[in-house]
């Protein structure tokens with residue numbers, strides 16, 4: 001398993017822009033996908049519905065007029081009436097003969113008046129041609145033969161029944177033709193008819209096949225004019241058809257059927273009937289009238305909410321001690337919410353009250369974000385969902401109540417099974433919300449009286465079958481939110497290399513095999529890690545970072561030292577120092593290897609990517625000053641490559657990695673302090689932080705100057721508590737004096753007096 005330390009990173013701004021753009025596009029599409037479907041691919045009778053079509057607004061439909069079986073049967077059996085006009089055949093032939101005579105007459109003239117010919121063709125045939133083109137045609141020696149051939153082809157085509165406009169044949173298999181030459185009307189199949197467009201195309205193709213050798217500059221203009229001579233000989237009898245249809249309309253009385261917003265008109269995969277076709281056509285006509293009026297407001301609302309949400313995350317949530325939450329996973333969550341819930345509405349026949357909207361705040365909480373972030377995300381998501389589910393205030397309130405319930409009920413969940421309780425609570429709140437939003441409160445609180453009308457509240461009509469069904473679906477939707485959140489949570493974890501509370505808690509146990517092994521093989525490193533974990537959690541809470549991730553990252557940040565614990569001073573316990581026998585370059589390589597080993601061990605153990613990132617980044621590209629200074633004693637500084645004595649990096653990419661870097665170095669430095677005071681601790685912390693700022697270690701993370709000030713303050717407070725003043729006994733003073741007189745600091749084979757002693761973290 002290989003860890004890609006140099007994986008390409010898209011800038012935060014670009015990624016947020018792409019995600020916001022994607023959210024806007026998906027939202028607009030989600031709002032109008034049904035309208036697009038009905039416009040571009042209207043459902044056909046006998047075919048399954050590709051989508052579930054729901055009423056976006058209250059919709060009134062004439063039931064008997066459109067859905068009555070007798071009426072549908074009558075309409076389906078209606079055969080359009082057309083009149084055959086034989087005079088049109090003769091008129092077409094005469095028009096073609098006129099064209100032939102005129103062209104041949106102009107050709108026979110010694111001095112052709114081409115301009116007159118162009119005007120005649122424009123007025124008689126309605127075709128615009130240039131004088132140059134007609135001059136070329138008139139020069140063609142076999143023009144008579146060409147025109148005669150066209151006339152022959154046209155006569156054969158005119159033997160067919162030619163329709164002017166085939167739109168009146170929609171969904172029809174046959175028509176009734178009234179021919180004056182016949183005693184009774186004839187019913188002819190639609191397949192036997194020819195449209196005017198098709199007839200003209202047939203003329204074009206056949207003539208081109210016969211006169212393929214004729215130059216296109218001559219043939220095409222002649223054909224263009226000749227096509228206009230073809231006239232339809234079947235005329236739609238508007239008067240007779242209107243009379244027959246009106247008779248059908250008057251034969252069956254009409255009633256209205258009312259659909260509320262969100263109700264299903266046609267469910268997914270249902271075989272479309274004629275009744276459904278008429279229903280959807282009527283609904284589409286209503287939507288077309290409203291879409292042009294509502295679309296600008298919908299788009300404006302979407303844009304406004306996206307901008308508002310980004311500003312809220314980046315500005316409002318940064319007040320006080322809170323740090324701005326990462327926007328990219330949250331915007332991705334909104335995209336996922338829109339896609340999943342819109343998919344539920346489009347591809348299931350489930351009622352709108354069942355949609356498990358509460359999974360959105362449950363996932364926000366599970367990704368270690370605060371209540372305020374979850375609440376704001378839930379409110380924005382509720383508005384988004386209401387836009388494509390049916391823009392009604394009742395739906396918005398219903399979704400907001402469920403989202404708030406999920407946020408409040410899931411604040412302390414640590415294990416996956418604990419999500420059951422929030423799901424049940426959300427289900428109950430959903431049921432109560434549906435009941436509260438559906439009751440007739442005007443009857444409960446009559447305007448003519450100041451007293452509560454309990455009887456109206458408890459009336460049987462108030463709790464009818466429809467309401468009870470909605471309540472049941474609402475409760476089920478709340479129950480489904482938790483399992484759906486658990487199902488989709490890994491998708492977000494993989495997409496953004498993050499880890500949920502449930503995933504991180506698996507590695508919180510100090511009895512984890514890795515931590516037990518670390519304690520056994522490198523006890524000094526283990527104690528250091530525990531201390532760093534405590535300090536990192538305190539600092540993380542101070543600036544609003546992910547304190548849980550920080551604590552777990554601190555537990556495992558030095559697990560690579562297990563492979564060679566004696567290379568590190570905290571595990572030597574007065575044993576020989578292996579660095580005494582090595583040169584600075586070799587020592588540096590040994591120290592760097594603990595990061596590489598840590599990556600290998602962590603990935604083999606399946607630690608979350610977020611934790612592995614902390615292992616990689618907690619040293620950044622820091623310089624190992626001690627070994628670098630030793631190297632300068634062996635060769636001139638200007639000949640040394642500083643990169644040989646730096647960690648490979650990368651630099652901290654997140655505020656959590658930067659915090660761990662600071663706390664790791666500060667904890668190591670604090671162990672060598674004698675008689676620490678708050679002033680000494682503050683100076684030490686400021687020095688350690690300032691060196692890393694000067695070294696550019698925080699240039700790639702989102703740590704701000706205000707965050708750094710809070711980190712320093714929190715670290716000093718925590719260290720002061722750890723080094724709190726105690727009564728110093730005489731024996732302690734004696735031991736301290738003896739230690740100061742005999743202390744030697746061994747590393748690199750050198751003994752140094754106490755005055756020159758340095759503390760460093762490898």
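The values are calculated or read from the model by the stated rules, or taken from the named source; none is laboratory data. As the structure is a computational prediction, the values presented were derived from the model and not from experiment. Reconstructed Cβ throughout: ideal geometry from the backbone, glycine too, with neighbour counts over all protein chains shown.
Listed values, structure above:
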read-out	value
Filter result (surrounded by 14 or more Cβ atoms within 10 Å (Cβ to Cβ), free of Cβ contacts under 8 Å to residues at least 40 places away in the same chain and within 13 Å of residue 226 (Cβ to Cβ)) within the range 186-213	200, 204, 208
Residues of the range 409-441 satisfying the condition of being farther than 17 Å from residue 365 by Cα and not in a helix (DSSP H, G or I)	439, 440
Only listed residue being surrounded by 19 or more Cβ atoms within 10 Å (Cβ to Cβ) and without any contact (Cβ under 8 Å) to a residue 40 or more places away in the chain, chosen from 238, 227	227
Residue match in the range 616-625 (condition: without any contact (Cβ under 8 Å) to a residue 24 or more places away in the chain and more than 29 Å from residue 500 (Cβ to Cβ))	no
Odd one out for residue 321, checked against (1) touching a helix residue (DSSP H, G or I) at 6+ places or on another chain (Cβ under 7 Å); (2) over 30 Å from residue 49 (Cα atoms); (3) crowded, with 18+ Cβ neighbours inside 10 Å; (4) at pLDDT below 90	(3)
Check on residue 508, more than 16 Å from residue 603 (Cα to Cα), modelled with pLDDT of 90 or more and surrounded by fewer than 19 Cβ atoms within 10 Å (Cβ to Cβ)	no
Residues (surrounded by 14 or more Cβ atoms within 10 Å (Cβ to Cβ), within 35 Å of the chain's Cα centre (by Cα) and outside any helix (DSSP H, G or I)) located in the range 688-715	697, 698, 700, 701, 702, 703, 704
Residue in the range 655-673 that is more than 23 Å from residue 555 (Cα to Cα), assigned by TED's automatic domain parsing to the domain that holds residue 586 and within 44 Å of the chain's Cα centre (by Cα) present	no
Tally of residues being in a helix (DSSP H, G or I) and at pLDDT below 80 across the range 295-318	4
Residue among 721, 685 that is assigned to a helix (DSSP H, G or I), modelled with pLDDT of 70 or more, crowded, with 20+ Cβ neighbours inside 10 Å and in the same structural domain as residue 614 (by TED's automatic domain parsing)	685
Residue satisfying all of: in the range 533-587; at positive phi and without any contact (Cβ under 8 Å) to a residue 60 or more places away in the chain; surrounded by the fewest Cβ atoms within 10 Å (Cβ to Cβ) among these	574
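To keep it simple, each residue is scored yes or no on (1) modelled with pLDDT of 85 or more; (2) outside the structural domain of residue 238 (by TED's automatic domain parsing); (3) under 24 Å from residue 154 (Cβ atoms).
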{"residue": "168", "(1), (2), (3)": "no, no, no"}
{"residue": "176", "(1), (2), (3)": "yes, no, no"}
{"residue": "181", "(1), (2), (3)": "no, no, yes"}
{"residue": "185", "(1), (2), (3)": "yes, no, no"}
{"residue": "191", "(1), (2), (3)": "no, no, yes"}
{"residue": "198", "(1), (2), (3)": "yes, no, yes"}
{"residue": "202", "(1), (2), (3)": "yes, no, yes"}
{"residue": "206", "(1), (2), (3)": "yes, no, yes"}
